[in-house]
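Reading through the structure tokens given below for one structure.
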Amino acid sequence: MPAPRTVLLTGAAGGIGTLMRGILPAYGYELRLLDATPIEGEPDAITADLADKEALREAVRGVDAVIHLAGISLEAPFEKILRANIEGTYNLYEAAREEGVERIVFASSNHTVGFTPRPADGAPLIPVSTPHRPDTFYGLSKAFGEDLAQLHWDLHGIETVSVRIGSCFMEPSSVRMLSIWMSPGDCARLFHAALTADGVGHTVVYGSSANTRLWWDLSSARAIGYEPKDDSEQYAEKLIAEHGELDPDNPGHANLGGEFCTDPPQWKH
Ligand code: NAI
Ligand code: 15L
């Protein structure tokens, strides 16, 4: 497909949105920014909620593609998740369909498959075809987003790369993150590949760096042109000294989703 130039970045005020605002313009993209929260120093940013269908329609008008990051990014009461992540993502796809946008990069999450046991040493890496095993209403909403993307490809021909992001922060901050961390630079590389690869239909990829302790299979990401450059291993010694190795008998350590798999989750809003 012709390289997209104008890209709508939803969730532009958030953690990943802020990182991508700093990196993606160097790839030649003109970013149109949207968030429910105003963005300081960005007078042209669109301040709108995903519930506002008219604002979404206007926001997607004329863009070549969308990177959809907006939404609740941790566990929360179902009603809030329903509104922001399920209805909000539906509204975004409807707006894209109505305005003829052909490519979306969807910020899915490792929590779609959070209850998948992490692979033992030497066991096969987790494939993208592993069944959904959401660990929270949050993970469930991302599983819905992946299926919504599939529907829009099959029914309307809108292409999506669903990126099951691991942990995208400046640095990993736990031993679990050594396996699923995605550096900001690799995140931009993966989003760029997802925006420019030909014929993605609906492709699901894991989003991480090429970590030494990787738990999942990056081959579908590599197949769309992603070449990760970073590895969390440089942080391993310090993090293991601070927190110890993962304990297989601890339910918060046994599965991909980490502490999201404990009840009640400790990170709840
Ligand atoms: P974040 O919570 O920092 O940013 C989310 C942004 O979405 C916020 O600026 C918020 O104001 C906006 N937002 C929330 N509800 C909205 C609504 N109804 N309408 C408009 N804007 C709304 O999250 P972060 O870390 O930047 O993540 C971005 C996306 O990537 C999220 O969808 C998250 O679920 C997903 N993700 C992030 C991971 C990470 O490691 N940071 C891991 C896996 C998935
Ligand atoms: C996510 O989906 C969250 O949005 C992010 O804040 C992290 O908690 C990440 O997963 C993780 O699993 O570390």
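So what are the chain's ellipsoid semi-axes, whole angstrom, largest first, if each one is the square root of 5 times an eigenvalue of the alpha-carbon gyration tensor?
29, 20, 18
Just the number please: accessible area per residue for the chain, 1.4 Å probe, all protein chains included, in Å².
44
How much of residue 16 can a 1.4 Å solvent probe reach, expressed as accessible area in Å² and rounded to 10?
40
Provide the gained length on full extension for the span residue 97 to residue 156, in nm with one decimal, where the gain is 0.36 nm per separating residue minus the Cα-Cα distance.
Net length gain for the segment: 20.5 nm.
Give the value in nm², to one decimal: projected area of the alpha carbon convex hull of the range 107-175, averaged over all directions.
Quarter of the Cα hull surface area: 5.8 nm².
May I ask you to order 197-210, 143-156 by the average number of other C-beta atoms within 10 Å around their residues, highest value first?
In descending order of packing, they fall as 197-210, 143-156.
If amide H atoms are built 1.01 Å from N in the plane of the peptide, which residues on other chains or at least 5 residues away come under 5 Å of the amide H of residue 46?
33, 34, 35
DSSP H helices in the chain with Cα extent of 20 Å or more along the helix axis and mean Kyte-Doolittle hydropathy at least 0.0?
None pass (Cα extent of 20 Å or more, hydropathy at least 0.0).
Considering only DSSP beta bridges where both residues belong to the range 6-261, give the percentage that are antiparallel (nearest 5).
So the antiparallel bridges in the range 6-261 amount to around 5 percent.
222 nm [θ] for the chain, helices only, -39500 (n - 2.57) per DSSP H run of 4+, per residue, to 500?
So the helix-based figure for the chain works out to -9000 deg cm²/dmol.
Compute the signed sum of charges (Lys and Arg +1, Asp and Glu -1) over the other residues within less than 15 Å, Cβ to Cβ, of residue 224.
Combined, the nearby Lys, Arg, Asp and Glu give -1.
Where the accessible area of the chain is counted over protein heavy atoms with a 1.4 Å probe, how much of it, in %, is carbon and sulfur?
51
Kindly provide the GluC sites (Glu not before Pro) of the range 214-269 that DSSP labels as loop, not H, G, I, E or B, and whose Cβ sees at most 12 other Cβ atoms within 10 Å.
245
Tell me, what is the FRET efficiency for residue 123 and residue 249 to the nearest 0.05, using R0 = 30 angstrom and their Cβ-Cβ distance as r?
So, using R0 = 30 Å, E works out to roughly 0.95.
The values are calculated or read from the model by the stated rules, or taken from the named source; none is laboratory data. As the structure is a computational prediction, the values presented were derived from the model and not from experiment. In this analysis, Cβ positions are derived from the backbone assuming ideal geometry, glycine residues included, and neighbour counts consider all displayed protein chains. Calculation scope for accessible area: heavy atoms of the full protein, side chains included, ligands and nucleic acids excluded. Shrake-Rupley method; radii C 1.70, N 1.55, O 1.52, S 1.80 Å.
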